[in-house]
Amino acid sequence: VVPAAEGQAVPPGRPPVRPVLTGLTARDGLPLSGWYYRAPGRAPSEPAPCVIHLHGGPEDQERPVLDPLYHELLGRGLDVFAPDVRGSAGHGRTFVDADLGTGRFAALDDVADCAAHAVTAGPADPTRLAVMGRSYGGYLTFASLVRHPDLFRTGVAVCGMSDLLTFFAGTEPWIAESAAHKYGHPERDRELLHALSPMSRIDALRAPLL
């Protein structure tokens with residue numbers, strides 16, 4: 001049960017935050033972009049706690065629409081940076097296919113590059129960064145926390161995949177057939193799937209994870 005005081009963190013009628021589209025360059029030169037939402041009432045140059053929110057899919061796309069989750073986070077004083085890492089839709093076929101197979105390692109680096117950009121362009125506070133996502137965004141959250149263990153203060157992963165081999169073993173056959181094209185074949189590419197699985201690096205986890 002949410003206490004009444006917490007439930008009223010976002011005042012009724014507060015207008016939505018208008019995000020700013022910002023571009024950046026990944027470490028391998030690929031252009032990326034995302035929407036930065038600034039919490040109301042904060043000075044333009046004041047560092048702020050920031051949530052890096054990663055969409056699902058991966059073939060989804062961040063758009064500047066009213067998102068109730070972002071609205072709530074912003075009302076509690078948190079900035080939000082919502083990027084499109086490689087694999088996202090809306091940026092052409094080459095971009096959406098750039099994370100296939102071993103390209104997923106670069107997509108994981110994109111998350112770290114986007115977090116660094118939020119600090120320099122946001123400005124997000126580098127000591128108060130969180131990462132969050134649902135479904136594929138949950139997978140990216142898990143993977144980011146174990147591949148970049150000192151980058152984020154905390155993480156929230158909603159129904160993300162922690163082990164791709166058990167994902168293939170337990171999911172619906174039609175989902176597994178589609179996912180093999182994205183991540184790797186569960187029989188022929190077992191080593192790749194193991195390397196891409198956050199659970200294989202669980203000893204590196206440092207931040208509290210919900």
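Listed by position, the helices (runs of 4 or more DSSP H) contained in the range 33-122 that have at least 1 residues being within 15 Å of the chain's Cα centre (by Cα) and farther than 30 Å from His194 by Cβ are 68-75, 103-121. In the range 68-94, the residue that is surrounded by the most Cβ atoms within 10 Å (Cβ to Cβ) out of those that are out of contact with any strand residue (DSSP E or B) (no Cβ under 8 Å at 6 or more places or on another chain) and touching a residue at least 12 places away in the same chain (Cβ under 8 Å) is Ser88. Here Gly133, Gly103 are screened, and the one residue that is touching a strand residue (DSSP E or B) at 6+ places or on another chain (Cβ under 9 Å), closer than 18 Å to Leu164 by Cα and touching a residue at least 12 places away in the same chain (Cβ under 8 Å) is Gly133. Among the conditions (1) within 30 Å of Pro19 (Cβ to Cβ); (2) modelled with pLDDT of 95 or more; (3) assigned to a helix (DSSP H, G or I); (4) not aromatic (Phe, Trp, Tyr), the only one that Gly133 does not satisfy is (3). Restricting the range 19-60 to residues that are open to solvent by less than 70 Å² (accessible area, probe 1.4 Å) and of a type in the set (Val, Ile, Thr) leaves a set whose member that is farthest from Asp79 (Cα to Cα) is Thr22.
Among the residues of the range 54-77, is any at pLDDT 95 or above, within 28 Å of Pro12 (Cα to Cα) and touching a helix residue (DSSP H, G or I) at 6+ places or on another chain (Cβ under 9 Å)? Yes. Among the numbered conditions (1) open to solvent by less than 30 Å² (accessible area, probe 1.4 Å); (2) in contact with a strand residue (DSSP E or B) (Cβ under 8 Å, 6 or more places away or on another chain), the only one that Val156 does not meet is (1). Kindly indicate whether any position in the range 95-109 is crowded, with 19+ Cβ neighbours inside 10 Å, at pLDDT 95 or above and within 11 Å of Leu24 (Cβ to Cβ). No, the range 95-109 has no match at all.
Do you know which residues across the range 139-152 are open to solvent by 20 Å² or more (accessible area, probe 1.4 Å) and not aliphatic (A, V, I, L, M)? Phe142, Arg147, His148, Pro149, Asp150 - these are the residues of the range 139-152 that are open to solvent by 20 Å² or more (accessible area, probe 1.4 Å) and not aliphatic (A, V, I, L, M).
Residue-by-condition table, conditions (1) surrounded by 23 or more Cβ atoms within 10 Å (Cβ to Cβ); (2) basic (Lys, Arg):
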{"position": "Gly137", "(1), (2)": "yes, no"}
{"position": "Ser178", "(1), (2)": "no, no"}
{"position": "Lys182", "(1), (2)": "no, yes"}
{"position": "Leu196", "(1), (2)": "yes, no"}
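Yes or no, residue by residue, for (1) more than 19 Å from Asp99 (Cβ to Cβ); (2) without any contact (Cβ under 8 Å) to a residue 12 or more places away in the chain; (3) outside any helix (DSSP H, G or I); (4) hydroxyl-bearing (Ser, Thr, Tyr):
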position: Asp150; (1), (2), (3), (4): yes, no, yes, no
position: Gly160; (1), (2), (3), (4): no, no, yes, no
position: Ala169; (1), (2), (3), (4): yes, no, no, no
position: Ala179; (1), (2), (3), (4): no, no, no, no
position: His185; (1), (2), (3), (4): no, yes, yes, no
position: Leu192; (1), (2), (3), (4): no, no, no, no
position: Ala207; (1), (2), (3), (4): yes, no, yes, no
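The values are calculated or read from the model by the stated rules, or taken from the named source; none is laboratory data. This is a predicted model, so every value here is computed, not measured. Because the Cβ atoms are built from the backbone with ideal geometry, glycine has one as well, and the counts that use them run over all protein chains shown. Keep in mind that these areas ignore ligands, DNA and RNA; they rest on the heavy atoms of the full protein, side chains included. Shrake-Rupley method; radii C 1.70, N 1.55, O 1.52, S 1.80 Å.
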